[in-house]
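Structure record follows, encoded as C-alpha cells.
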Amino acid sequence: MMTAAILTTMVEVAILICLLQLATATTAAASSLSYPSHQILAVQEIIDTTKLAAHVPQTQLLDHETIESGESHGRKRWKLNLVHRDKLSENDEGHRRRTEARLKRDVKRVAILNSRIGGNHTKGGVEGGRFEVEDFGSEVVSGMRQGSGEYFVRIGVGSPPRSQYMVVDSGSDVVWVQCLPCKQCYQQSDPLFDPANSASFVAVSCASSVCQHAETAVGCHGHGGGRWCKYEVSYGDGSYTKGTLALETLSFGNTFIRNVAIGCGHRNQGLFVGAAGLLGIGGGSMSLVSQLGGEAGGAFSYCLVSRGDGSLGSLEFGRESLPTDSAVWVPLLRNPRFPSFYYVELSGLGVGGVQVTIPEPIFKLSDMGHGGVVMDTGTAVTRLPTVAYAAFRDTFIAQTTNLPRARPVSIFDTCYDLNGFVTVRVPTVSFYFSGGPVLTLPASNFLIPVDDMGTFCFAFAPTSSGLSIIGNIQQEGIQISFDSTNGLMGFGPNVC
C-alpha cells in the first residue's frame, strides 16, 4: 500500500509517471476503501508517444526474433517476443485512423464472441446472427477480421525451421499455418510454408487417434493407405482455413517442440496483417499450452506492451515463467461448454477507491454456462453488461466534472478534451475479484488517446450480452500468468 499512499499526493511528475506504470493489486473486503483514490495521467507524454511510435519497419522487427529458453530444477521455460499488430502495418495512417480500425475489428470480434458464448441476450446486427463453426477440439474464435489478431509472435515451423509470424489468441485452441501448395491464400510477410521441404512434417492418417479426436476433422482425402485427415475451421465473419491435419516441429529459438498437431492450410481466407497463421493458447485440449503438457506444466504468462510503445511484449511458457511471490492470484473458472476461454470471478468495479454499487450476480457464470467474465487477448476494449457499465461510467463522470468533455468516438460514449494539458488528476479504476483481491489499473489503461489532438476516452463499452470481457487495453503493462494445473490466474508483480 506504499504505492497507494504516494499516488495520493502531488509529488514530482516524473516520479508519478514512473509509479503509475505499476498496477496496484491489493486485498480488501468487498465494501472497504481501496486506495489510491486518484492517479496522474501523463497526457502530453502519451500524445507524444503515439506520434513517435506510429510504425516500426518490418525489417527491424524481423531482427527482434530474440527468444530465451532454459531449464531450472528440471522445469523448462520458453520466452517469445510479442509484437502488436500496429507495428506490422505497412501504412502509417495516423493514430486516429489506427484507433478507428482497431475499434471496428473489436466490434466484430465481440459480436462473434457474443454469438458463441454470450447467451441469448444479444440484439440486432451481427450479434443476433446464427453461425456455424467447426472447432479444433472446442469453441474456436479466429484471429482474423473480428480483431483477435492484435498480438503476434515469431516462431520456427518445420525442420529446418522456417520463421513465421503467428497471431496469438487466448480464445482459440487451433494452431495452423498457410501451406503450399496453396489453392487460396492471403498475403503474408514471410514465404509460405512448404511441407515438402520439412523433414519433420507428417500428415495425420485418418486412422490415427489425433484425427478421431479432432473435432475439426471433416473426412479424409487420398486413396488406399495414403488417406490423410482433413481439417476445416470456419469463422463467423466468413474467414476460414482448410487443409491437412499434421504433426510438425515448432521451434522457439534453439528449443524444438516435436509432434505438435497443427493445421496445414491450403485454402485460407482472412486478414492477418502478414501473419502466417494462428497460435492458439486457449484452455482446450488442442491448444499449444495443452499440447506442451508436462513440459510446460500447464503454465504460461504474457505481458502486453502499450499500444504506442516502441518496445516488445513477451509470451512465456513453463512453470518457471510463473512469479514466485508478490503476485495476486485469483481462481480460474472452467466453463465446460466453452473450455477454450479463461473465466475469472469478478465481483465488482471500483472508481476513486470505492466499490460501485452493482448487483454482484451480473458477473456470475451460470450453471448453464452463460454470462461470466472472460480474460481475452484478442478483444481490445473491456465489455460490461449495460447495467454494470452505466453505473460504472456514471460514477467516473461524477468524479471528473473538472475535465472538459468531448464528443463520443465510435463505441466510446465518455470522452474528454485534454488538449493543452500536461497531466491531469483522475480517479482510480479497479477490478474487484471474489475473495478479496483488487486490481487497480494504471491511468493509461482506462483513459486512452483516440487521436493526436488530445481527445481521450474512457476505454470501456457496454454490451447487451450477459458476457463480460476484460480486454487487452486493460491488461497492458501488467504481467498476466495462468496456472491451469492449479486453476489460478495471477496479476503482477512485474510490469512491462
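Summary table below
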item	result
Tyr231 long-range amide H proximity, modeled H, under 5 Å	Val218, Gly243, Thr244, Leu245
Cα shape, the range 260-404, gyration tensor, a/c 1.5 rule	prolate
Length added when fully stretched, Leu192-Arg405, from 0.36 nm per residue minus Cα-Cα	71.8 nm
Amide N of the range 162-176 lying under 20 Å from the label point, which is placed 7 angstrom from the Cα of Asn494 along Cα→Cβ	168-170
Met453/Val387 FRET efficiency (R0 35 Å; Cβ-Cβ; nearest 0.05)	0.60
Cα Rg, Dmax (largest Cα-Cα span) when computed across the range 279-365, Å	16.3, 44
HN-Hα J in Hz across the range 324-333 - Karplus 6.51, -1.76, 1.60, θ = phi - 60°, x for Gly and Pro	8, 7, 6, 6, 9, 9, 10, x, 8, 9
For Val354, distant residues with modelled amide H under 5 Å away	Ser34
Extended-chain gain in nm, criterion 0.36 nm per residue less alpha-carbon gap, Ser366 and Arg267	31.8 nm
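Taken together, the values in this text are just the output of simple stated rules run on the coordinates, not laboratory data. Source: prediction; values computed, not measured. Backbone-built Cβ (ideal geometry, glycine too); neighbour counts: all protein chains shown.
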